[in-house]
Amino acid sequence: MKILLNDYSGHNHTFDLAKKLSPNHIINYCYADFFQTPKADFSIKNISLKRFFINPISIKKKFDKYNFATRIIREISYGKEVINLINKKNPQLVICANTPLNPLLNILNHCKKKNIRTVFWMQDIYSQAIKKLLNKKLYILGTLISFYFYFLEKRCEKIADQIIIISNDFKKFLNKESLKKTHYIENWSAYDKINKNHKNYFKKKLNPQNKFCLIYSGTIGMKHDSEIFFNILEKLPDILIIVSSEGKYAEKIRSHANKKKINLKLIKWVGPKYFYSFLSMADAFLVTLNKEASEISVPSKIYSYLSVGKPILALMPKNNLGAKKIIQHKSGYIISPNNADLLVNKIKNIIANNNKNLKFRINK
C-alpha cells in the first residue's frame, strides 16, 4: 500500500511509525520544516530509499506562530503543498497528525474527492484550545472565532474515514456516529539508548558543579506555567533548573533568568540522537499543564520522561492522561496547578531521599 503520513509538527513518534510501516508499504512522510517545535531525527539508515521518502514542506514567506491572521494564511499554504504532494504521489491512504484545522479540512476534502482513505489522528482538540486561549483576551470575538474552528473540527471528524485519539477524554468531544470509527491509541516514546559518554558531556557542560538538576524539555506556551521555574528557585536557590525549549515564551524565561541571575539555564531543543542521553543527567523532571488544557491535551514529554526512569514532578490536574500514566507507573508526584509550595516540598523530599524509598502520590 502507498501511504502518505502528514505530521505538520514532524515529531519523533510519528516518524517512528512511518519507519515501522516502511518494510511492508511505500511511505511518503511530510512535515512543516518552518514550524518551530522539536523535530524527529530524519535519518533513515537501514531503510530502503525506494520505499521511503521524506518531504519537508517550506513556505516562502516568514512564519509567525504568534500572529493569528498570518499564521492561518501560512497554514493554508502548507495544506495546498500537501495536496500537491498527494496528487504527485497518489497514495491509497493519507494519515494526518498535528495538522491545523484549515489545511486539514482541505486535505480531507481533496482525499474524499479522489477516493483516498483517510485517518484523522487527533493529538489535541484544537477548537477547544483556541476557545480557551481567545476567551482570555477577547471574550465575544473569541467565542465567535472558536465556533468557526469548532465547525472545522467537526467537519474533519465527519469526513475522515477513521479517527485515532490519544486519550479517552477526547471521546467526550466526538459525536456518537464518529465513535464507531474511533480508535484509542496512546502516544509513545521513540526511545534511543542512553550513551554514557554523551550523558557525561552534557553534565560537564551544563552542570559542572553537580547540583541537584531539574529538567523541563519541550514547548512552552500559554497552557504551561512558566513562572513555576522562578517560584522553585526562589525557595531552592542552590538547585539547577535546565529548560530545553525555543520560541517566544522560552526567550522571556531566558531574559527573566538573566536579570535575576539565578541557577536557570535555557538551551535549545536537543536533537533526538542525543535527547535521552541529555535527559539522563536529570535528578528529576518537571511538567506543567493548566486546568483548562487538561482534557484537550496530553504532554508527550511525559512518555520521554518515563523512559528515563527519574522522578517526575507534574503540576497538572490528576484526571489528565499524562498524570494517570505517572500514577500507574508510580513514577512521580501529581500536584494541583498553582501549588508551588507543595511542589517545592516534594523536591526537598526527593533530594533528602536521594531518589530512594519514595512513596509517590497525588496531592491536591
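The values are calculated or read from the model by the stated rules, or taken from the named source; none is laboratory data. Quick caveat: nothing in here was measured; it's all calculated off a predicted structure. Backbone-built Cβ (ideal geometry, glycine too); neighbour counts: all protein chains shown. Calculation scope for accessible area: heavy atoms of the full protein, side chains included, ligands and nucleic acids excluded. Shrake-Rupley method; radii C 1.70, N 1.55, O 1.52, S 1.80 Å.
Answer with yes or no whether Ala340 is open to solvent by 40 Å² or more (accessible area, probe 1.4 Å), out of contact with any Gly (no Cβ under 7 Å at 6 or more places or on another chain), aliphatic (A, V, I, L, M) and modelled with pLDDT under 95.
Working: open to solvent by 40 Å² or more (accessible area, probe 1.4 Å): no; out of contact with any Gly (no Cβ under 7 Å at 6 or more places or on another chain): yes; aliphatic (A, V, I, L, M): yes; modelled with pLDDT under 95: yes.
For Ala340, the condition - open to solvent by 40 Å² or more (accessible area, probe 1.4 Å), out of contact with any Gly (no Cβ under 7 Å at 6 or more places or on another chain), aliphatic (A, V, I, L, M) and modelled with pLDDT under 95 - is not met.
Which pairs do you get when a residue that is at negative phi and polar (S, T, N, Q), found in region 303-314, comes within reach of a residue that is open to solvent by 20 Å² or more (accessible area, probe 1.4 Å) and at pLDDT below 95, reach meaning Cβ atoms under 7 angstrom, with the pair 6+ apart or on two chains?
Hits for this filter: Ser304/Ser189; Ser307/Ser189; Ser307/Tyr191.
Looking at region 273-325, which of the residues that are within 17 Å of the chain's Cα centre (by Cα) and aromatic (Phe, Trp, Tyr) is surrounded by the fewest Cβ atoms within 10 Å (Cβ to Cβ)?
So the residue we want is Tyr303.
Out of Ile95, Ile54, Ile27, report the one residue that is open to solvent by 10 Å² or more (accessible area, probe 1.4 Å), in a strand (DSSP E or B) and either in contact with a His (Cβ under 7 Å, 6 or more places away or on another chain) or closer than 21 Å to Ile164 by Cβ (or both). Spell out the reasoning first.
Working: Ile54 fails: either in contact with a His (Cβ under 7 Å, 6 or more places away or on another chain) or closer than 21 Å to Ile164 by Cβ (or both); Ile27 fails: open to solvent by 10 Å² or more (accessible area, probe 1.4 Å).
Of Ile95, Ile54, Ile27, the one residue that is open to solvent by 10 Å² or more (accessible area, probe 1.4 Å), in a strand (DSSP E or B) and either in contact with a His (Cβ under 7 Å, 6 or more places away or on another chain) or closer than 21 Å to Ile164 by Cβ (or both) is Ile95.
Using beta carbons and a limit of 9 Å, which pairs, at least six apart or on different chains, have the first residue in region 73-86 and touching a residue at least 24 places away in the same chain (Cβ under 8 Å) and the second one among the acidic types (Asp, Glu) and surrounded by fewer than 21 Cβ atoms within 10 Å (Cβ to Cβ)?
Arg74/Asp64
Being surrounded by fewer than 13 Cβ atoms within 10 Å (Cβ to Cβ), within 24 Å of the chain's Cα centre (by Cα) and not charged (D, E, K, R) is the filter here, so list the residues in region 182-238 that pass it.
Once the filter is applied, which keeps residues that are surrounded by fewer than 13 Cβ atoms within 10 Å (Cβ to Cβ), within 24 Å of the chain's Cα centre (by Cα) and not charged (D, E, K, R), region 182-238 yields His183, Tyr184, Ile185.
If the Cβ limit is 9 Å and pairs must be 6+ apart or interchain, which residue in region 233-253 that is within 16 Å of Cys213 (Cα to Cα) and in a helix (DSSP H, G or I) pairs with which residue that is open to solvent by less than 10 Å² (accessible area, probe 1.4 Å) and among the small types (Gly, Ala, Ser)?
So the pair list comes out as Leu233/Ala257.
Got a sec? Which of Ile73, Ile3, Ile83, Ile47 is open to solvent by less than 40 Å² (accessible area, probe 1.4 Å), farther than 27 Å from Ser304 by Cβ and aliphatic (A, V, I, L, M)? Outline the logic, then answer.
Details: Ile73 fails: open to solvent by less than 40 Å² (accessible area, probe 1.4 Å); Ile3 fails: farther than 27 Å from Ser304 by Cβ; Ile47 fails: farther than 27 Å from Ser304 by Cβ.
Sole residue among the options that is open to solvent by less than 40 Å² (accessible area, probe 1.4 Å), farther than 27 Å from Ser304 by Cβ and aliphatic (A, V, I, L, M): Ile83.
Does region 255-283 hold any residues that are of a type outside the set (Lys, Arg) and assigned to a helix (DSSP H, G or I), and which are they? If you could, list the steps in order and put the result at the bottom.
Residues of region 255-283 of a type outside the set (Lys, Arg): 255-258, 262-264, 266-267, 269-272, 274-283.
Passing the criteria: Ser255, His256, Ala257, Asn258, Pro272, Tyr274, Phe275, Tyr276, Ser277, Phe278, Leu279.
Does at least one position in region 45-55 carry a residue that is closer than 23 Å to Asn109 by Cα and modelled with pLDDT under 95?
Initially, region 45-55 is screened for residues closer than 23 Å to Asn109 by Cα, giving 55.
Narrowing further to those that are modelled with pLDDT under 95: none.
Within region 45-55, none of the residues are closer than 23 Å to Asn109 by Cα and modelled with pLDDT under 95.
Taking into account only those residues within region 239-252 that are over 19 Å from the mean Cα position of the chain (by Cα) and crowded, with 16+ Cβ neighbours inside 10 Å, which is nearest to Lys346 (Cα to Cα)? First the steps, then the outcome.
Kept after step one, since they are over 19 Å from the mean Cα position of the chain (by Cα), are these residues of region 239-252: 239-241, 252.
When the remaining residues are screened for being crowded, with 16+ Cβ neighbours inside 10 Å, the result is 239-241.
Values: Ile239: 14, Leu240: 16, Ile241: 15 Å.
Once the filter is applied, the top-ranked residue is Ile239.
Answer yes or no: is there a residue in region 313-326 that is modelled with pLDDT under 85 and either under 25 Å from Ser255 (Cα atoms) or in contact with a helix residue (DSSP H, G or I) (Cβ under 8 Å, 6 or more places away or on another chain) (or both). Can you show your working first?
Taking region 313-326 and keeping what is modelled with pLDDT under 85, we get none.
No - not one qualifying residue is present in region 313-326.
Starting from region 94-119, keep only residues that are in contact (Cβ under 8 Å) with a residue 40 or more places away in the chain, then list their pairs with residues that are surrounded by fewer than 18 Cβ atoms within 10 Å (Cβ to Cβ) and among the basic types (Lys, Arg) whose Cβ atoms are within a distance under 6 Å, requiring at least 6 positions of separation or different chains.
Leu105/Arg155
Which number in (1) of a type outside the set (Asp, Glu); (2) within 18 Å of Lys273 (Cα to Cα); (3) surrounded by fewer than 18 Cβ atoms within 10 Å (Cβ to Cβ) marks the one condition that Lys61 misses?
(2)
If only one of Lys181, Lys158 is of a type outside the set (A, V, I, L, M, F, W, C), at pLDDT 95 or above, closer than 24 Å to Gln92 by Cα and out of contact with any helix residue (DSSP H, G or I) (no Cβ under 9 Å at 6 or more places or on another chain), which one is it?
Numbers: Lys158 fails: out of contact with any helix residue (DSSP H, G or I) (no Cβ under 9 Å at 6 or more places or on another chain).
Residue meeting the stated conditions: Lys181.
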